[in-house]
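Asks: Provided herewith is a single structure, encoded as structure tokens, for subsequent inquiry.
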Amino acid sequence: MSDAVFHSLVFMCSLFAAATWCLARPIFLSSLAVVVASLLWVLMNGPLEGRVLYSVTPNHGLTEADLLSAVGLVIALWGFRSARKSDRKS
């Protein structure tokens with residue numbers, strides 16, 4: 001396994017771990033961790049991208065792996081909203 005594939009797998013696992021933490025305990029820090037992991041995943045998912053779903057230019061487009069970042073950002077937004085609601089109740 002090449003170093004690039006290994007690093008991509010590490011970033012994907014960090015995204016999954018941060019999303020799981022945020023879903024289990026939606027606090028500001030866990031939501032922020034999902035945002036950071038999602039952004040890092042978009043930058044480092046090259047070897048694991050999959051098919052191109054939408055082409056923007058001949059060299060750039062939306063891939064299957066990019067959808068994981070979108071899901072991560074939705075989870076982070078939910079986490080921020082839940083954390084804010086729980087802070088108001090306290």
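A short reminder: the numbers here are calculations on the coordinates, not readings from a lab. All values reported here derive from a predicted model rather than from experimental measurement. Cβ: placed from backbone, ideal geometry, glycine included. Neighbour counts: every protein chain shown.
Asks: Grab the beta carbon distance between Arg88 and Leu67, set R0 = 35 Å, and tell me the FRET efficiency rounded to 0.05.
Replies: 0.65
Asks: Right, here's the next one. Taking the Cα centre of the chain as origin, work out the dipole magnitude from +1 charges on Lys and Arg Cβ and -1 charges on Asp and Glu Cβ, in debye rounded to 20.
Replies: 660 debye
Asks: Can I ask one more? Give a quick list of trypsin sites (Lys or Arg not before Pro) in the chain that DSSP marks as loop, anything other than H, G, I, E or B, with at most 15 other Cβ atoms within 10 Å.
Replies: Taking the chain and a limit of 15 other Cβ atoms within 10 Å, the loop trypsin sites (Lys or Arg not before Pro) found are Arg51.
Asks: Follow-up. Work out the charge dipole of region 3-89 with +1 on the Cβ of Lys and Arg and -1 on the Cβ of Asp and Glu about the Cα centre, then indicate which of Ser82, Cys13, Asn59 is farthest towards its positive end.
Replies: About the Cα centre, the residue reaching furthest to the positive side is Ser82.
Asks: State whether region 1-86 is rounded, prolate or oblate according to the following rule on the C-alpha gyration tensor (a ≥ b ≥ c being the square roots of its eigenvalues): a/c under 1.5 gives rounded; otherwise a/b larger than b/c gives prolate, and the remaining case gives oblate.
Replies: Oblate, because a/c is 1.5 or more while a/b does not exceed b/c.
Asks: List the residues, sorted by chain then number, that are 5 or more residues from Gly61 or on another chain and whose placed amide H is less than 5 Å from its amide H.
Replies: Val56
Asks: What is the calculated FRET efficiency for His7 to Arg81, with r their C-beta to C-beta distance and R₀ = 30 Å, to the nearest 0.05?
Replies: Using R0 = 30 Å, I get an efficiency of 0.40.
Asks: Separate question: Under the definition of Cα pairs under 8 Å and six or more residues apart, what whole-number percent is the relative contact order of the chain?
Replies: 34 percent
Asks: Can I ask one more? How much mean residue ellipticity at 222 nm does the chain get from its helices, if each DSSP H run of length 4 or more adds -39500 (n - 2.57) and you divide by all residues, to the nearest 500 deg cm²/dmol? Could you put the intermediate results ahead of the total?
Replies: On the way: 3 runs with 63 residues, N = 90.
Value at 222 nm, helices only: -24500 deg cm²/dmol.
Asks: Determine ³J(HN,Hα), in whole Hz, for all residues of region 7-19 in sequence, where each value follows from phi through the Karplus function 6.51 cos²θ - 1.76 cosθ + 1.60 and θ = phi - 60°; x replaces Gly and Pro.
Replies: For region 7-19, the Karplus curve yields 5, 4, 5, 5, 5, 5, 5, 5, 5, 5, 5, 5, 5 Hz.
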